[in-house]
Amino acid sequence: MLTVKSIPAFNDNYIWLIQNKENHCVVVDPGDATPVFEALEKNNLTLDAILITHHHSDHIGGISELKRRFPTIKVVGPASEPIPGITQPVEDGDQVDIFGERFMVMSVPGHTLGHVVYVGDEKLFCGDTLFSAGCGRLFEGTPAQMFDSLQKIAALPDETEVFCAHEYTASNLSFALVAEQDNPHLQKYRDNVIRLRANGESTLPSTLSLEKLINPFLRCDQPSIKRSVADKAYDDSDLETFAALRRWKDKF
């Protein structure tokens, strides 16, 4: 089994560090090289590869500096996005080997058109597609694309750990608790999140089983969510429920 540690970056980003027992590691979405260098030095680690989910600067900003330090490093990222420094372009259905564990690449357009996620070892590295109690904004894709992408993720095993790229959980819960006020799982989770953040602890990783209970964007088939957006949706389909929910969250 691989171990995963978080490297905080900027205000609320997480760069995920995947480590094996031989002190080799891979990092996911290094928007800043400096905290990565610090983590490598502090833990006496060797960096073997970089995984990229999408092209936004807070996810790719550290690539060039990391490559200057490690010229032969492998950089894996979406083939259809303009990301300098990629050495292994990947697309939906490809596989990436991480220390003997096979990770599947899934295309998840919505936040950006070429966004990919990496799934393996019961872990999901999902960038800005799925957040705990939320989902990414639609900067490039359509509601239908993001809805389909989230459905693909929701079809993964319930025990899958969710490693998203931002500490947005508390703010997402503020919206989720308005969208589904009577959800007891949400209320319990909020109390846990408040405790974690008060202690300066991360709320991540989450799990898909938890997200299916508390994340409104994964619950668009539920009558409680449909009722919440009834005055904002054009019809009561699951897709339009999602679209109305996302429009509402954008202005929340």
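The values are calculated or read from the model by the stated rules, or taken from the named source; none is laboratory data. As the structure is a computational prediction, the values presented were derived from the model and not from experiment. As a convention, Cβ positions derive from the backbone with ideal geometry for all residues, glycine included, and neighbour counts pool all protein chains shown.
Checked against the criteria, HIS59 does not count as farther than 20 Å from LYS5 by Cβ and not basic (Lys, Arg).
Somewhere in region 26-34, is a residue buried (at least 16 other Cβ atoms within 10 Å of the Cβ), on the phi > 0 side of the Ramachandran plot and not hydrophobic (A, V, I, L, M, F, W, C)? So far as region 26-34 goes, yes, one or more of its residues are buried (at least 16 other Cβ atoms within 10 Å of the Cβ), on the phi > 0 side of the Ramachandran plot and not hydrophobic (A, V, I, L, M, F, W, C).
Criterion applied to ILE225, ILE194 was being modelled with pLDDT of 95 or more, more than 30 Å from GLU81 (Cα to Cα), touching a helix residue (DSSP H, G or I) at 6+ places or on another chain (Cβ under 6 Å) and of a type in the set (Val, Ile, Thr), and the one residue passing it is ILE225. Taking the conditions (1) in contact with a Pro (Cβ under 6 Å, 6 or more places away or on another chain); (2) in contact (Cβ under 8 Å) with a residue 60 or more places away in the chain in turn, GLU211 satisfies each one other than (1).
Conditions tested, residue by residue: (1) farther than 16 Å from VAL27 by Cβ; (2) more than 14 Å from the chain's Cα centre (by Cα).
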position: PHE70; (1), (2): no, yes
position: ILE86; (1), (2): no, yes
position: GLN95; (1), (2): yes, yes
position: GLU101; (1), (2): no, yes
position: VAL117; (1), (2): no, no
position: PHE131; (1), (2): yes, no
position: GLY141; (1), (2): yes, yes
position: ALA144; (1), (2): yes, yes
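Residues of region 213-246 that are among the aromatic types (Phe, Trp, Tyr) and buried (at least 21 other Cβ atoms within 10 Å of the Cβ): PHE217, PHE242. Of all residues in region 150-170, those that are out of contact with any strand residue (DSSP E or B) (no Cβ under 8 Å at 6 or more places or on another chain) and surrounded by 13 or more Cβ atoms within 10 Å (Cβ to Cβ) total 3.
Restricted to helices (runs of 4 or more DSSP H) entirely inside region 118-225, those with at least 3 residues that are more than 27 Å from HIS56 (Cα to Cα) are 169-179, 184-198, 208-214.
If you take the residues of region 85-117 that are acidic (Asp, Glu) and not in a loop (DSSP other than H, G, I, E, B), which of them is surrounded by the most Cβ atoms within 10 Å (Cβ to Cβ)? Within region 85-117, the match that is surrounded by the most Cβ atoms within 10 Å (Cβ to Cβ) is GLU101. Among residues of region 35-61 being among the small types (Gly, Ala, Ser) and either in contact (Cβ under 8 Å) with a residue 40 or more places away in the chain or more than 21 Å from ILE98 (Cα to Cα) (or both), the one that is surrounded by the fewest Cβ atoms within 10 Å (Cβ to Cβ) is SER57. Do we find that GLU65 is in contact with a helix residue (DSSP H, G or I) (Cβ under 8 Å, 6 or more places away or on another chain), modelled with pLDDT of 95 or more and surrounded by fewer than 16 Cβ atoms within 10 Å (Cβ to Cβ) in this structure? Answer is yes for this residue. One residue alone among LEU177, LEU204 is of a type outside the set (Phe, Trp, Tyr) and under 25 Å from THR53 (Cβ atoms), and that residue is LEU204.
Given the condition out of contact with any Lys or Arg (no Cβ under 6 Å at 6 or more places or on another chain) and hydroxyl-bearing (Ser, Thr, Tyr), answer yes or no: does some residue in region 83-96 qualify? No.
Of the strands (runs of 3 or more DSSP E) lying entirely inside region 1-84, those containing at least 1 residues that are of a type in the set (Ser, Thr, Tyr) span 3-9, 13-19, 46-51. Mind listing just one residue for me: the one in region 161-202 that is over 21 Å from the mean Cα position of the chain (by Cα) and touching a residue at least 60 places away in the same chain (Cβ under 8 Å) and, of those, nearest to ASN215 (Cα to Cα)? Selected residue: ALA179.
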